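Below: one structure, written as structure tokens.
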Amino acid sequence: MVRTGVSWRSQWWTHGVLSILGFVTLYPIIFMVFNALKNGIETAASPFSFPIHPHWNNFVLAFQAILPAFWQSIIVVIVSVSFMLVFSLLSAYAFAWLQFPGRELLFYVVFALLLIPGILTLIPLFIEDKNFGLLRTPWGLIFPYIAGGQAFCIFVLRAFVRNLQEDLFGAARIDGAGDIRIFSLIVAPLCVPILITLGLLNVVGIWGDYVFPQLVLGTQHETVAVAITNFIPPPIAPSLDAFNLQLAAFTLSAIPIALLFFLLMRYFIQGITDGGIKM
Amino acid sequence: MKSHGLRNKGALWMTALSLGLSAVLPVVSVNAASPPTVPKLAWKGTITMGAWVFTPTAPGQKVAPGTVRQTALLTLANEFEKMYPGIHIKFLSPNYGNDPNFIRTEAAAGQLADVWDAQYADLNSGVIPHGIAVNLAPYFKKSNPYVSGNKEWGSYMSPLGLAVSQAPNGAYYEINGDYIATAFYYNKALFKKAGISKPPVTWAQLLSDSRILKAHGIDPGAHRPYWSWWSRLFLSNFLGIPTLKQLLSFQPGNPSITPQDEVVGYQKGILNPLKNPRVMAWWPVVKELYQYWDKNVSAVPVLNAPTSAVTGSTLFNAGKVAMTYSGSWEPGLWVAGKQKPANLGAFNLPSIANTSRYATTYDSTTTVGGPSGGFQYSISTPQADQTMSQPGKFQAVLDWLRFMSSPRADQMVVNQWGVTIPTFKGSHPLPALRSLTSALSKPWYPVFGFSDVSVSAHTQIFKLFQEYINGFISFASAKQQYAQIVQQAVQQYSAQNH
Amino acid sequence: MGLGPKVYTEQMASSVKAHEMRQHPAVRTKRRYSWKTALVAYVFLLPTLIAIALFSYYPALSALLGAFTNWNGFNPPQWVGLQNFAQAFQDPIFLASAKNLLIWSLVGLPLSLVPSFVVAELIFHLRSTRAQYVYRTVFVLSFVIPSVVTILIWQYIYEPTGLLNHLLISMGLQSWTQSWIADPKYALWAVILMGFPWVNPFNLLVYYAGLQSIPAELFDAAAVDGVSGLQRIAHIDVPMVLSQIKVLLVLSIVGVTQNIVVPLIMTDGGPGNSTTTPVFYMYEQAIQYGNYGYSMAIALMLFVVVMALALVNIKYFQAER
């Protein structure tokens, strides 16, 4: 693409602004790591300073506290995000390319879910989990997560799928391919980047959720986020370092997510940029 | 969200705490009085318990600095299991319970633990709806077979604990076995630097010391303006003993001032801020103190801060402020903060007798909280915990509760933590906290100023008080708003309880 | 002056039309359903529909029915009709929260839409694609930051002896210093403006994608005619990413009305009720006070308002085509 004609006075100016904004945007990461290495006294004295005497033991304590929760979190995240994506892609395909009575209505039925505050359904969902015998099992989280992710994923994927070249479909149809073949052989592969994008967004959300998992899983099979929030000594006698220990735990729990982002960054960005997220 | 634990009801003591680093003292060993006859239990299975601060530390688990390894309840559980092969007691995470929302949600699904911790105020006010916890009143009248010679379980419980944990309908939804303390703590080194040789004795001295510290460039103190602490100290004093006794009489048979007493008091005008100037005359007095104290802390608008690094405690233990007003866990934190133990001092609320023309001679220093520690346990109803409908299970759980609430057990569990004192007759506090027991027998007239009538009143009054203390609203406007909040809380309370 | 911007607009319009037509294959086969296709569609939709019926609608509807009851979350609810709604309209805290939300939306929506667009523009017009990639990565990485951490930092910035006041003093603006989040006059503004530079990584990438899909010829033609900078942004860039803006607007409306983390963790809705929002109040009523019925009435009203706004948006934009 030729953009040489675009007359920004100087690209250095742009670089300067972007670097500063980028630094400010990422500063919380630095703050988190610095304070994870201090104790409560040092944070109180100078929250923004560099940890001169790093307390590595904070990380040892934090690691010990959240390690058992890692597997539980990973299972929940993988299963719920995979099913969420498959289900929503199927629906998105139907909404985007297939004609059927009630298409508009059903789309709004799905879309309306975007607008329902999650806290509204907290207790009813919990009771439902109990009635279905899903409490204290990862399924009690996985099913609601799959359902909860549908609205946004379908909203985005429908737009994406609709923007795919119709010619591809036409050609395939002339070759006699049915919807299932078109879906699995043409649409799904083309959607991989946007699926990665949506997958990552949902991984971040589920990884950080703690209110619902705490209720559903109880205290014996906690997820990482639950382990972090529970990783404060009982509030009746606050430990001075409670907050630093939590920051250490937050840092550790962010590592897998950061790695995932680094690995998939190209696809993540491509997913959105190819996607044409629009109405 | 995290509960705010004690609801900041602590006790303020006549005698300064001896700063014996209670947290590191060993458990006082007590000889188990072996019970003569032990009831038979038919039921076998697992009893689940959310023991909150007394939850046994898992073996191999490191404890964070400033916290103590807990083993006492586990020892008791082992003894009980030995007595009843086939019964296992399983402790849930230390964060299980105490948070009313968590308890309510678990109960709504019938998944609540068999035994759990909750604050009496939540159980009585209906924030934890009635019907979740078993009413223990009938059992208090029967003997505790695990205490030799005992005729009535309730007979050795502290009158104060019993008084506060009695719900408006007369029920007891918990056992209440410990007492918590608060005091003003000060940094002797910083006081010395400002040329102050001894802690203040009167409120005027507290203010002048704060001014002197400030003049020397020292941040005098830090504390969040907890309404319910100041209200108990000042409102109780400003009302005076005759009025307090009158309030007490509104709910016959209950020896503490209950929300119901306050509601009647409001209807009779005694506690109506628009009719009785005493009700709010102390607000400007407290406001003056906060003019000198650290604004960063008094300004944080969060009451139930789930995560906040800016607290009076962190600043005080970092040596950044000279005073704080806090609970009896503070000495432990002082050590964890690597401060010199000799530099920590404590004093009680300085005399407030001359702070206003409404001030009386009633010594309100013991009114700040007390029986709101960690040893407050309830048993689930079958609706709240489906497993309780198993035949014979209730008896087994009740027996476990009786077993772990003997004076000996109370002492073992509470003293190991070292922050509160056991209150059951026959138990003994840690030597370092012994001086506090005298408060248990003193007349106790805390007036919460309606913050105990409902949680929403508590939240709104706290916010209003803070706005006033920080100088953002006038006294007149505060008065009008307080009157509104109180009126609404009273109406709501009357509608719910009649 | 050259041909002026008008040409670009026309050029653009036709390009958009082509785009839109491609986008709507359905338009051409209007209302002629093949039952075989319909069957396939229903089969494809089935997993989603089952999932949302069981785990989204069922709990949501049972919650919304609760809006007409007095329910403490444990004991059986009692039917009270519209009483909760009547109560809400006389509840000064609820009314204050509605006003706060209005202010929050009016300021918060531009903040969620504009800065991300500006940064997307800056990145997009960098010559080095490598640099573009690096900057995108930097902004996207902010996804991993827990919101608690951001809030804590801003607490340190806003406190009376915090960074912001230090900065003002060092600039000689002593008289401007305030207790930013403790003062009910400033608290709402402080929390709305928190999070500088307000770059939302998702919005940023969506805009970037929109900019990327603008045909290069448009930029070239603009350059030839000397149309540049703000003029070009106003006449080419913004109109061409309009469809992205629409989506982000709907998502931002939803986001801003459901934002509970800041009042919950940072201010507890205070000082006073100055940062209480309806969704926070709903949470407070249910979770802290145990008034589920009332809480759900608030939720229901919030839902209706947001749904209406979103529908107006969607309908308006569809009509525009």
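The values are calculated or read from the model by the stated rules, or taken from the named source; none is laboratory data. Note that the structure is a prediction, hence the values are computed from the model and not measured. All Cβ positions, glycine included, derive from the backbone under ideal geometry; neighbour counts span all protein chains shown.
Overview of results
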quantity: Subset of the stretch B:102-119 (residues that are over 20 Å from B:TRP400 (Cα atoms) and among the aromatic types (Phe, Trp, Tyr)); calculated: B:PHE102
quantity: Top-ranked residue in the stretch A:25-64 [being of a type in the set (Val, Ile, Thr) and surrounded by 14 or more Cβ atoms within 10 Å (Cβ to Cβ); ranked as farthest from the other protein chains (Cβ to nearest Cβ)]; calculated: A:VAL33
quantity: One residue from C:ARG127, C:ARG136 being of a type in the set (D, E, K, R), in the same structural domain as C:VAL238 (by TED's automatic domain parsing) and not in a helix (DSSP H, G or I); calculated: C:ARG127
quantity: Single condition C:ASN259 does not satisfy, out of (1) closer than 30 Å to B:ASN296 by Cβ; (2) among the polar types (S, T, N, Q); (3) over 18 Å from the mean Cα position of the chain (by Cα); calculated: (3)
quantity: Failed item, numbered, when A:LEU90 is tested on (1) hydrophobic (A, V, I, L, M, F, W, C); (2) surrounded by fewer than 19 Cβ atoms within 10 Å (Cβ to Cβ); (3) under 30 Å from A:ALA172 (Cβ atoms); calculated: (2)
quantity: Those helices (runs of 4 or more DSSP H) lying entirely in the stretch B:152-218 with at least 2 residues of a type outside the set (A, V, I, L, M) and not assigned by TED's automatic domain parsing to the domain that holds B:ASP294; calculated: B:159-164
quantity: Enumerated helices (runs of 4 or more DSSP H) restricted to the stretch A:1-106, each holding at least 3 residues that are hydroxyl-bearing (Ser, Thr, Tyr) and outside the structural domain of A:LEU157 (by TED's automatic domain parsing); calculated: A:11-36
quantity: Residue within the stretch B:220-229 that is at pLDDT below 95 and out of contact with any Ser or Thr (no Cβ under 7 Å at 6 or more places or on another chain) present; calculated: yes
quantity: Residue within the stretch C:256-268 that is closer than 27 Å to A:SER19 by Cβ and in the same structural domain as C:LEU102 (by TED's automatic domain parsing) present; calculated: no
quantity: Candidate set: the stretch B:84-114, residues that are out of contact with any Asp or Glu (no Cβ under 9 Å at 6 or more places or on another chain) and more than 14 Å from chain A (Cβ to nearest Cβ); chosen: the one surrounded by the fewest Cβ atoms within 10 Å (Cβ to Cβ); calculated: B:PRO85
quantity: Odd one out for B:ASP410, checked against (1) more than 16 Å from B:ALA51 (Cα to Cα); (2) of a type in the set (D, E, K, R); (3) crowded, with 24+ Cβ neighbours inside 10 Å; calculated: (1)
quantity: Single residue of C:PHE55, C:PHE117, C:PHE74 found to be within 18 Å of the chain's Cα centre (by Cα), among the aromatic types (Phe, Trp, Tyr) and within 14 Å of chain A (Cβ to nearest Cβ); calculated: C:PHE117
quantity: Which listed residue is in contact (Cβ under 8 Å) with a residue 12 or more places away in the chain and either surrounded by 24 or more Cβ atoms within 10 Å (Cβ to Cβ) or closer than 15 Å to C:ILE93 by Cα (or both), from C:GLY290, C:GLY255; calculated: C:GLY290
quantity: For B:LYS9: the one exception among (1) modelled with pLDDT of 85 or more; (2) surrounded by 13 or more Cβ atoms within 10 Å (Cβ to Cβ); (3) within 29 Å of B:ILE103 (Cα to Cα); calculated: (1)
quantity: Candidate set: the stretch C:210-253, residues that are at the interface with chain A (Cβ under 9 Å from one of its Cβ atoms) and assigned to a loop (DSSP other than H, G, I, E, B); chosen: the one nearest to the chain's Cα centre (by Cα); calculated: C:VAL241
quantity: Lone unmet requirement of (1) of a type outside the set (Val, Ile, Thr); (2) within 13 Å of chain C (Cβ to nearest Cβ); (3) farther than 30 Å from B:SER298 by Cα for B:GLN484; calculated: (3)
quantity: Among residues of the stretch B:437-478, those that are more than 11 Å from chain C (Cβ to nearest Cβ), at pLDDT below 85 and assigned to a helix (DSSP H, G or I), counted; calculated: 5
quantity: Matching residues in the stretch A:77-87 - criterion: being touching a helix residue (DSSP H, G or I) at 6+ places or on another chain (Cβ under 7 Å), surrounded by fewer than 24 Cβ atoms within 10 Å (Cβ to Cβ) and more than 23 Å from A:ALA159 (Cβ to Cβ); calculated: A:VAL79
quantity: Enumeration of residues in the stretch B:297-343 that are within 13 Å of chain C (Cβ to nearest Cβ), modelled with pLDDT of 85 or more and in contact with a Pro (Cβ under 8 Å, 6 or more places away or on another chain); calculated: B:SER298, B:VAL321
quantity: Verdict on A:LEU89 being within 26 Å of the chain's Cα centre (by Cα) and touching a residue at least 24 places away in the same chain (Cβ under 8 Å); calculated: yes
quantity: Qualifying residue in the stretch B:472-480 (condition: assigned by TED's automatic domain parsing to the domain that holds B:LEU74 and surrounded by fewer than 21 Cβ atoms within 10 Å (Cβ to Cβ)); calculated: no
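Condition check ((1) within 22 Å of B:TYR179 (Cβ to Cβ); (2) of a type in the set (Val, Ile, Thr); (3) touching a Leu at 6+ places or on another chain (Cβ under 8 Å); (4) assigned to a helix (DSSP H, G or I)) across all residues:
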site	(1), (2), (3), (4)
B:LYS338	no, no, no, no
B:THR387	no, yes, no, yes
B:HIS428	yes, no, no, no
B:SER435	yes, no, yes, yes
